[in-house]
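The values are calculated or read from the model by the stated rules, or taken from the named source; none is laboratory data. Keep in mind that what you see is a predicted model, and the values were worked out from it rather than measured. No Cβ is skipped: glycine too gets one built from the backbone with ideal geometry, and neighbour counts run over all protein chains shown. Side chains included, ligands, DNA and RNA excluded: accessible areas come from the protein's heavy atoms. Shrake-Rupley method; radii C 1.70, N 1.55, O 1.52, S 1.80 Å.
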Amino acid sequence: MADRKLIMAGNWKMHKTSAETRSFVRELKTAIQDGTVPCEIIVAPPFTSISAATEEARGTAIRVSGQNLHWEDKGAFTGEISGEMLREAGCSHVIIGHSERRQYFGETDETVNLRLKAAMRAGLIPIFCLGETLEEREQGRTFSIVKGQLLKGMRDIALEESTGFVIAYEPVWAIGTGQTATPEQAQEVHAFLREELVTGYGSPVANQLRILYGGSVKPDNAASLMSQKDIDGGLVGGASLKVGDFVGIIKHGI
Ligand code: PGA
């Protein structure tokens, strides 16, 4: 692997109250104190638990991410939240374009593009999710689907080597199903995405950009996934909800 530091990010979805968040982060801090952690660690709690996470994580290596944001900076958008609000609450990252947002909340490549731009304007590092459905994979359309999502999502977005930007490849059929992509299946798509990024942004930018894999990452498959050349970490749902499992993934055999 090029010298890209791994990122292990926990996407908690609609789980964990503030009190549960506090005790999770406290336990996580203790578990990673021994200095053997080989990666960046991020947790993405629901909006109302973000402050609890950032307060508990202060002074540690644990970073906090939002799970979504609106593309406008402010305004009459009931139920939405802005990049500046996430920043103020202590977030460094924000997940954008998760397949659950696409599937249940009408997210499109165009709104993903707007949200990515809003995140960058606010100084947040986006974790831009994309991935094909089972049907698309079975029809042999995986590469054209992820390419379309990548190009449309990143339209008019300039990246430099120093720009913080993270991509997460999450095959929809692997999310929450226990059916993980094999390391080879994931690597194939990651390498393809990196080649597309080389075309769009040049090698120096593409080679420093982290591409995470998401979809049923567990303590017992993390090491084989992370050993792949173009897999630079994990976006972990279910297995990030228990400290023991998440730490097992963070340390993946170390
Ligand atoms: P999972 O979820 O690890 O539970 O499959 C991953 C995600 O949705 O980011």
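The modelled label-to-label distance for the pair residue 47/residue 14, using points 7 Å beyond Cα in the direction of Cβ, is 1.3 nm.
Quick one: compute the contact order of the chain, relative version, from alpha carbon pairs under 8 angstrom and 6+ residues apart, as a percent. Walk me through the numbers before you get to the answer.
Values: 492 pairs, mean separation 54.5, N = 254.
In percent, rounded to a whole number, it is 21.
Let me check something: with ligands and nucleic acids excluded, how do 251, 229 order by accessible area (1.4 Å probe), largest to smallest? Don't skip to the answer; put the middle values down first.
Details: 251 30, 229 130 Å².
The most accessible residue leads, giving 229, 251.
Calculated on the Cα set of the chain, radius of gyration then Dmax: 16.9, 49 Å. If you run the Gaussian network model on the chain, springs between alpha carbon atoms under 10 Å, then out of 131, 202, 238 the most flexible one is 202. Zone of residue 199 (label point 7 Å along Cα→Cβ, backbone N under 20 Å): which residues in the stretch 164-186? Hits in the stretch 164-186 for residue 199 at 20 Å: 167-170, 186. With all protein chains kept in place, the per residue accessible area of the stretch 60-128 amounts to 47 square angstrom at a probe of 1.4 angstrom.
Please express the shape of the stretch 110-223 as an equivalent ellipsoid: the semi-axes are the square roots of 5 times the eigenvalues of the C-alpha gyration tensor, given largest first in whole angstrom.
Its equivalent ellipsoid spans semi-axes of 24, 15, 14 Å.
Calculate the FRET efficiency for residue 162 and residue 72 from the Cβ-Cβ distance with a Förster distance of 25 Å, rounded to the nearest 0.05.
On the way: r = 26 Å, r/R0 = 1.06.
For R0 = 25 Å, the calculated efficiency reads 0.40.
Percent of accessible area on the chain owned by carbon and sulfur, 1.4 Å probe? Percent of accessible area from carbon and sulfur atoms in the chain: 51.
Just by accessible area at a 1.4 angstrom probe, what is the order of 101, 58 from largest to smallest? Please report the intermediate quantities before stating the final value.
Working: 101 65, 58 170 Å².
Final ranking, largest accessible area leading: 58, 101.
Remark on residue 42: its backbone amide H falls under 5 Å from those of 8, 9, 10, 63, a criterion applied only to residues 5 or more positions apart or on other chains, H modelled at 1.01 Å from N.
Given 5/251; 74/117; 13/218; 16/218; 16/117, which pairs have Cα atoms separated by over 21 Å?
On the way: 5/251 13 Å; 74/117 14 Å; 13/218 17 Å; 16/218 19 Å; 16/117 28 Å.
Listed pairs above 21 Å: 16/117.
Suppose every Lys and Arg Cβ carries +1 and every Asp and Glu Cβ carries -1, with no other charges. What dipole size does the stretch 7-252 come out with about its Cα centre, to the nearest 20 debye?
On the way: 25 positive and 31 negative charges, 90 e Å.
Approximately 440 debye in magnitude.
Calculated FRET efficiency, residue 139 to residue 104, Cβ-Cβ distance, R0 = 25 Å: about 0.65 to the nearest 0.05.
Where does the stretch 1-139 land on Rg(C-alpha)/(2.2 N^0.38 Å)?
On the way: Rg = 15.9 Å, N = 139, 2.2 N^0.38 = 14.3 Å.
Compactness ratio reported: 1.11.
Stokes-Einstein diffusion for the stretch 177-254, with the hydrodynamic radius set to the Kirkwood value over Cα pairs and evaluated at 37 °C in a medium of 0.692 mPa s, equals 253 µm²/s. Largest GNM mean-square fluctuation across 43, 217, 166, computed for the chain with C-alpha springs under 10 Å, falls on 166.
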